[in-house]
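The values are calculated or read from the model by the stated rules, or taken from the named source; none is laboratory data. What you are looking at is a predicted structure, and each value in this text was computed from that prediction instead of being measured. Cβ placement follows ideal geometry from the backbone for every residue including glycine, while neighbour counts extend to all protein chains displayed. When the accessible area is computed, the model is the full protein with side chains, heavy atoms only, and any ligands, DNA or RNA have been set aside. Shrake-Rupley method; radii C 1.70, N 1.55, O 1.52, S 1.80 Å.
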Amino acid sequence: MIEFGFAIEAKDLEKAASILDAAEMTNETEANWKTLAKIALECQNISVAQHCYAALGDISKANYLRQILKLM
């Protein structure tokens, strides 16, 4: 999770997502996915945000963001 923190600080959101993809889903990992989703939306990185919500199982938000991506 140290690498995840460094990736977040560097705003390398894609790397942060790949680190979380490799991790087992725990309470800490879930919190990190939520944090990454929030940061991705703040940075207007819709594809990473969509990936985060899909990983969290929030299908409605993931589908909404996928539709936004199609419009872009």
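Just one residue in the set Ser47, Ser18 is within 21 Å of Lys70 (Cα to Cα) and open to solvent by 50 Å² or more (accessible area, probe 1.4 Å); that residue is Ser47. When Ile19 is tested against the conditions (1) more than 15 Å from Ala55 (Cα to Cα); (2) assigned to a helix (DSSP H, G or I); (3) touching a residue at least 12 places away in the same chain (Cβ under 8 Å), the lone failure is (1).
Within region 23-58, the set of residues being assigned to a helix (DSSP H, G or I) and either of a type in the set (S, T, N, Q) or modelled with pLDDT under 95 (or both) comprises Asn27, Thr29, Asn32, Thr35, Ser47, Gln50.
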